[in-house]
């Protein structure tokens, strides 16, 4: 602990500024990744036919792939992953254009959540290192939004670890959203759990342009990882978001033990919800949670599923979200040419990411323009 | 502030155990979660550009 020291030593001092940190990445998971399913042997002619059919559907006919077509692509052996990725990149350019949307996120209320999502370190039901903390004050939220803007982002998402917002939380959020918009010019998104019809209406009227509520996984696998609410309750909230005119951000978490078939099931369920954005998370096993002893998805497998998500959801904003540093390591830039067209910059809710400068350099090296609020930087 | 005897003990900032080099807690993408001096859970606020970790006994913790 020789490198640790205290500053602003007075307990309760609220003037301290957040401490910037440089993260040194190592390879903590080398040789220790989640086992992959055995896939059938497929002749190269058959593989090429499946890829050509997908290309024709997505680029010529401009239609969505069916679950059956997606399952056929998911079966392709590892040596075809680069072909899947190349097609996914072309599909992304054709359906979405070249811009990359950059977003910063903030956990404005951390820990103490009554739900039991087995992957989450913020559940009060598990003994994790994350200490519950109350709602940050407005100055702290504004400062985080300024950090987000300084990183070149156009989006800022205020996230709360709650089942759903109570009235006090609703009012705090509805105060913060216009404040952040006016001070920073950023588009403001919110993630505050399950909503009632009236809450969705009030958020939409209050300037929340996008609301995040993840399905996380397929309907058939969901009861394995969450027991305190149902997949259908999540689906209902997603529908309310759209019904009230907000953009729907509805993400997935890959690597909790679901099968290939269940990932395809989720893709079809997401097609039905038709979200604007899909944040793609990879499990980063959190100490103390039921999935804490799990293993990350292998990098090459993650590239396969990034490509499949793009091929299944050709028009969405497909965002790199939690777990990408741990899962993809040196392949993060390859994900950008496998269907990703958005990323969370900087840190996550309770864990750290690599620096914004590294991501912006990566985008520059890839000649990918960063989407701005009104145009392209 | 705690006494000198406590201040000399190093606790793992990842799991709070009485060891400065706890095996398995070398996660480079986690902020500190426990005070290295007293082992208490820290109040941690992670923001897009950094984090703040505060012990109720020892104030803000900086890693450089």
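The values are calculated or read from the model by the stated rules, or taken from the named source; none is laboratory data. Because the structure is predicted, anything quoted here is derived from the model rather than measured. Cβ sites come from the backbone with ideal geometry, for glycine too, and all protein chains shown count toward neighbours.
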Q: Answer with yes or no whether residue A:298 is in contact (Cβ under 8 Å) with a residue 24 or more places away in the chain and under 16 Å from residue A:70 (Cα atoms).
A: no
Q. Does any residue of region B:16-24 turn out to be at pLDDT 90 or above, farther than 27 Å from residue A:144 by Cα, crowded, with 17+ Cβ neighbours inside 10 Å and touching a strand residue (DSSP E or B) at 6+ places or on another chain (Cβ under 7 Å)?
A. yes
Q | Selection status of residue A:239, more than 16 Å from residue A:341 (Cβ to Cβ) and surrounded by fewer than 23 Cβ atoms within 10 Å (Cβ to Cβ) | A | yes
Q) Which numbered condition trips up residue B:10, out of (1) modelled with pLDDT of 75 or more; (2) under 11 Å from the mean Cα position of the chain (by Cα); (3) closer than 27 Å to residue A:325 by Cα? A) (3)
Q.
For region A:152-180, which positions are buried (at least 20 other Cβ atoms within 10 Å of the Cβ), in contact with a helix residue (DSSP H, G or I) (Cβ under 7 Å, 6 or more places away or on another chain) and over 16 Å from residue A:140 (Cβ atoms)?
A. A:165
Q: Taking the options A:84, A:58, name whichever one is surrounded by 16 or more Cβ atoms within 10 Å (Cβ to Cβ), in contact (Cβ under 8 Å) with a residue 40 or more places away in the chain and closer than 22 Å to residue A:258 by Cβ.
A: A:84
Q) Does region A:245-269 hold any residues that are farther than 23 Å from residue A:296 by Cα and either surrounded by fewer than 17 Cβ atoms within 10 Å (Cβ to Cβ) or in contact with a strand residue (DSSP E or B) (Cβ under 9 Å, 6 or more places away or on another chain) (or both), and which are they? A) A:245, A:246, A:247, A:248, A:249
Q) Any idea which residue in region B:34-64 is nearest to the other protein chains (Cβ to nearest Cβ), counting only those that are within 8 Å of the chain's Cα centre (by Cα), modelled with pLDDT under 95 and buried (at least 20 other Cβ atoms within 10 Å of the Cβ)? A) B:36
Q: Please verify whether region A:12-30 includes one or more residues that are in contact with a helix residue (DSSP H, G or I) (Cβ under 9 Å, 6 or more places away or on another chain), at pLDDT 85 or above, surrounded by 16 or more Cβ atoms within 10 Å (Cβ to Cβ) and more than 8 Å from every other protein chain (Cβ to nearest Cβ).
A: no
**Q.** Members of region A:274-304 that are farther than 11 Å from residue A:118 by Cα and surrounded by fewer than 18 Cβ atoms within 10 Å (Cβ to Cβ)
**A.** A:274, A:276, A:293, A:295, A:300
Q. For residues in region A:205-223 being in contact (Cβ under 8 Å) with a residue 40 or more places away in the chain and out of contact with any helix residue (DSSP H, G or I) (no Cβ under 8 Å at 6 or more places or on another chain), which is nearest to residue A:286 (Cα to Cα)?
A. A:212
Q: Quickly run through region A:122-136 and pick out the residues that are free of Cβ contacts under 8 Å to residues at least 60 places away in the same chain, within 12 Å of another protein chain (Cβ to nearest Cβ) and in a loop (DSSP other than H, G, I, E, B).
A: A:131, A:132, A:134, A:135, A:136
Q: Taking only region A:88-110 into account, find how many residues are more than 30 Å from residue B:52 (Cβ to Cβ) and in contact with a helix residue (DSSP H, G or I) (Cβ under 6 Å, 6 or more places away or on another chain).
A: 4
Q: For residue A:90, indicate whether it is within 14 Å of another protein chain (Cβ to nearest Cβ) and either touching a residue at least 12 places away in the same chain (Cβ under 8 Å) or surrounded by 15 or more Cβ atoms within 10 Å (Cβ to Cβ) (or both).
A: no
Q | Pairs where the first residue, in region A:145-160, is facing chain B (nearest Cβ under 9 Å) and free of Cβ contacts under 8 Å to residues at least 60 places away in the same chain and the second is crowded, with 24+ Cβ neighbours inside 10 Å and not in a strand (DSSP E or B), C-beta under 6 Å, 6+ apart | A | A:145/A:180; A:156/A:145; A:156/A:148
Q | Residues within region A:65-116 that are over 30 Å from residue A:129 (Cβ atoms), within 22 Å of the chain's Cα centre (by Cα) and assigned to a loop (DSSP other than H, G, I, E, B), tallied | A | 3
